[in-house]
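K.L.:
Next up is a structure, given as structure tokens.
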Amino acid sequence: MTFKQMFTSSVGKKLIMGFTGIFLILFLIVHAGLNACIWASYFIDETMPGITFNKAAHFMGSNALPRILEIGLFVGIFLHILQGYLLTLENRSKRSVGYAVSYTKGSKWYSRSMAILGTLLLMFLIMHIYHFWTPSRLGGHFGIKGLESFEYNGTEYHNLYAAMQNIFTNIYVVILYVLACGSLAYHLAHGFQSAFKTIGVHNRRYHALISSIGYGFAIIVPLIFALMPISFYFNLIK
Ligand code: HEM
């Protein structure tokens, strides 16, 4: 397959969806793991609220490798969304000619709704980037208000923890985040297995295993994310 075919043929588009999907799954593991440091005070005696999380976020924001991967992440998200829409349009036009009557037969709700859930996730992502990433990376430029900073043991840190605490005092924002986590769960319930299938990691022996890991992942990771705004809103963490 040529480079051009990767972007123009159906198989190429699916391969891009699969590889970028797996890359995004890996990102979600790192993101959920790092953000879970907001609950560190339950396990270790922190010298100030949220310091473990702020230190972890500082590491990701100030080192070369995570910053390079961040560029890859935005490219991955863009390609995943673009190819996803193109494939959906392609499938719709084929179906309207070929089998208009049986269009919905046999396919599960989440399988047919990947585009709708993906669009909801895109809307969430725009709001989410505006909440945290823009003030953290571009704060002080283009009229964007930056994050509060503080000094700890001679190092200057952004107080992302305080930013989260502040943003999640708004019940409507909390509800939108929890709904987005629901969309993510449905999107992953189908997308996880589909990504592995597309890149060829599937046979009878591994099907049940990948399927169980996929469903487990689709429940656990969005649940961890959803518990973050909930924990702040109900003051379950200080
Ligand atoms: C619901 C709980 C979530 C919370 C509290 C949260 C929090 C954060 C924070 C604080 C940042 C800024 C990191 C930094 O600037 O160093 C960030 C970045 C980001 N988040 Fe989330 N996030 C959540 C869920 C999600 C979900 C579900 C997705 C994807 C579907 C996502 C995608 C991203 C992306 C793409 C970035 C920018 C890339 C980066 O710098 O890491 N987040 N998030």
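Just so you know, all these numbers are worked out from the coordinates, no wet-lab data involved. Because the structure is predicted, anything quoted here is derived from the model rather than measured. For neighbour counting, all protein chains shown are included, and Cβ atoms are generated from backbone atoms with ideal geometry for every residue, glycine included.
K.L.:
Would you call Thr155 of a type in the set (Ser, Thr, Tyr) and in contact (Cβ under 8 Å) with a residue 12 or more places away in the chain?
P.N.:
Working: of a type in the set (Ser, Thr, Tyr): yes; in contact (Cβ under 8 Å) with a residue 12 or more places away in the chain: yes.
When the stated conditions are applied, Thr155 passes them.
K.L.:
Moving on to the next point. For the stretch 198-226, name all the residues that are under 26 Å from Ile38 (Cβ atoms) and either surrounded by 17 or more Cβ atoms within 10 Å (Cβ to Cβ) or within 14 Å of the chain's Cα centre (by Cα) (or both).
P.N.:
Scanning the stretch 198-226 gives Phe217, Ala218, Ile219, Ile220, Val221, Pro222, Leu223, Ile224, Phe225, Ala226.
Quick grid of which residues meet (1) touching a strand residue (DSSP E or B) at 6+ places or on another chain (Cβ under 6 Å); (2) near the ligand (Cβ under 10 Å from one of its atoms); (3) among the hydroxyl-bearing types (Ser, Thr, Tyr); (4) more than 28 Å from Lys14 (Cα to Cα):
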{"site": "Tyr172", "(1), (2), (3), (4)": "no, no, yes, yes"}
{"site": "Tyr186", "(1), (2), (3), (4)": "no, no, yes, no"}
{"site": "Gln193", "(1), (2), (3), (4)": "no, no, no, no"}
{"site": "Gly200", "(1), (2), (3), (4)": "no, no, no, no"}
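K.L.:
Sticking with this one: Would you list the helices (runs of 4 or more DSSP H) that sit entirely within the stretch 1-78 and hold 2 or more residues that are touching a strand residue (DSSP E or B) at 6+ places or on another chain (Cβ under 9 Å), touching a residue at least 60 places away in the same chain (Cβ under 8 Å) and more than 23 Å from Ile220 (Cα to Cα)?
P.N.:
Numbers: elements: 3-8, 10-35, 51-62.
So the answer is 51-62.
K.L.:
Please find, within the stretch 166-197, the residue that is farthest from Ala218 (Cα to Cα) out of those that are over 17 Å from the mean Cα position of the chain (by Cα) and surrounded by 19 or more Cβ atoms within 10 Å (Cβ to Cβ).
P.N.:
Among residues in the stretch 166-197 that are over 17 Å from the mean Cα position of the chain (by Cα) and surrounded by 19 or more Cβ atoms within 10 Å (Cβ to Cβ), the one farthest from Ala218 (Cα to Cα) is Phe168.
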